[in-house]
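Trainee: Below is one structure. I have some questions about it.
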Amino acid sequence: MARQTRQERRARRAQQEPALAGGPPQRPPVARPTAQSDSEPRRPSSEERHVPGSGFVNFVQESVAELKKVEWPSQRAVISGTAVVVIACIIVGTYLWLNDQLWKYVVQHLLLR
């Protein structure tokens, strides 16, 4: 579940830094599921049960948790990014307009004579 905050992630990374100096960190062993016999019916765990309407509530809760982890850009970064996009659109638009005018002239005066 996505409940980890930025501060918790940074604290975890700080604990792992000494391990990185000596080599790659040791991975925990992978838990292998045990095979159930066919005679035993599979019992649903509490995680598999769904209350009607809980899917939407769970979605909203996880969405809010993810939005809290987002590093939003500053106002200055948004303004500079917007300026770059607007300038690029003007340059490309001007290029396409000039190219259209050139081909319009070529078609009207050279090909349709």
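The values are calculated or read from the model by the stated rules, or taken from the named source; none is laboratory data. Being a predicted model, the structure only gives us computed values, none of them experimental. Please note: Cβ atoms are built from the backbone with ideal geometry, for glycine as well, and neighbour counts cover all protein chains shown. The protein model used for the area step is the full one, side chains on, heavy atoms only, and it has no ligands, DNA or RNA in it. Shrake-Rupley method; radii C 1.70, N 1.55, O 1.52, S 1.80 Å.
Trainee: Report the label-to-label distance for Val57 and Glu17 in nanometres (one decimal), using points 7 Å from each Cα along the Cα→Cβ vector.
Mentor: The answer from the label model is 4.1 nm.
Trainee: Not counting ligands, DNA or RNA, and with a 1.4 Å probe, what is Val85's accessible surface area in Å² rounded to the nearest 10?
Mentor: Looks like 90 Å² after rounding.
Trainee: For region 50-96, state which GluC sites (Glu not before Pro) are in a DSSP loop and have at most 13 other beta carbons lying within 10 Å of their beta carbon.
Mentor: Here the GluC sites (Glu not before Pro) that fit, given the DSSP loop and packing criteria, are Glu71.
Trainee: From largest accessible area down, sort Arg10, Arg76, Arg113; use a 1.4 Å probe on the protein chains.
Mentor: Ranking Arg10, Arg76, Arg113 by accessible area, largest first, yields Arg113, Arg76, Arg10.
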